[in-house]
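Here's the structure, in structure tokens; my notes come after.
Nothing in this text is a laboratory measurement; each read-out follows from the coordinates by a stated rule. Bear in mind the structure is a predicted one, so any value in this text is a computation, not a measurement. As a convention, Cβ positions derive from the backbone with ideal geometry for all residues, glycine included, and neighbour counts pool all protein chains shown.
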Amino acid sequence: MKATIAELLNKIPGKASAEWPMGEPFALAFAHGSMSVEIYTPKATDIQTPHDQDELYFIHSGQGELVIAGERHSFAPGMVFFVAAHVEHRFENFSDDFIAWVVFWGPKGGE
């Protein structure tokens with residue numbers, strides 16, 4: 001399995017829904033078992049809600065802040081963050097070029 005940022009960015013925004021009225025700001029690269037890999041690139045505001053699985057965010061480009069359970073972390077390319085399942089988190093004050101790889105894995109509720 002492989003994916004490139006260029007091919008995934010061509011799929012964003014994805015379909016619009018009640019949760020994502022401006023279209024999904026992510027694209028699935030691939031999945032295997034409980035693991036899935038996506039590109040995430042919100043525009044202006046990050047409206048995501050907590051997830052059922054543990055996740056890793058690998059910052060590909062851009063700068064800003066990731067708020068995890070109320071704790072604020074500055075980010076830049078090359079950084080990685082862990083967010084446990086069901087923990088409130090969101091990206092704030094991020095640059096227009098923000099892109100992150102996201103890896104979800106494990107059982108619902110986290111490990």
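So Ala27 passes all but one of these: (1) of a type in the set (Gly, Ala, Ser); (2) out of contact with any Lys or Arg (no Cβ under 8 Å at 6 or more places or on another chain); (3) under 23 Å from Ser95 (Cβ atoms); (4) surrounded by 15 or more Cβ atoms within 10 Å (Cβ to Cβ). Which condition number does it fail?
Here Ala27 clears every test but (2).
Any residue in the stretch 47-75 that's free of Cβ contacts under 8 Å to residues at least 40 places away in the same chain and over 26 Å from Pro107 (Cβ atoms): show its pairings with residues that are surrounded by fewer than 15 Cβ atoms within 10 Å (Cβ to Cβ) and of a type in the set (Asp, Glu) at Cβ separation under 6 Å, as long as the two are six or more apart or on different chains.
Ser61/Asp97; Gly62/Asp97; Glu65/Glu92; Arg72/Glu65; Ser74/Glu65
Do we find that Val80 is in contact with a strand residue (DSSP E or B) (Cβ under 8 Å, 6 or more places away or on another chain) and farther than 21 Å from Asn10 by Cβ in this structure?
Working: in contact with a strand residue (DSSP E or B) (Cβ under 8 Å, 6 or more places away or on another chain): yes; farther than 21 Å from Asn10 by Cβ: yes.
When the stated conditions are applied, Val80 passes them.
Give the residue that is farthest from Pro42 (Cα to Cα), with candidates limited to residues of the stretch 81-111 that are small (Gly, Ala, Ser) and loosely packed, with under 15 Cβ neighbours inside 10 Å.
Gly109
If I go through the stretch 62-71 residue by residue, how many of them are within 18 Å of Asp97 (Cβ to Cβ) and in a loop (DSSP other than H, G, I, E, B)? Give the derivation first.
Here is the first cut: in the stretch 62-71, the residues within 18 Å of Asp97 (Cβ to Cβ) are 62-66.
Next cut, in a loop (DSSP other than H, G, I, E, B) only: 62-63.
Number satisfying all stated conditions: 2.
May I ask you to say which residue of Ser36, Ser74 is over 15 Å from Phe98 (Cα atoms) and not in a loop (DSSP other than H, G, I, E, B)? Write out each step before concluding.
On the way: Ser74 fails: over 15 Å from Phe98 (Cα atoms).
Among Ser36, Ser74, only Ser36 is over 15 Å from Phe98 (Cα atoms) and not in a loop (DSSP other than H, G, I, E, B).
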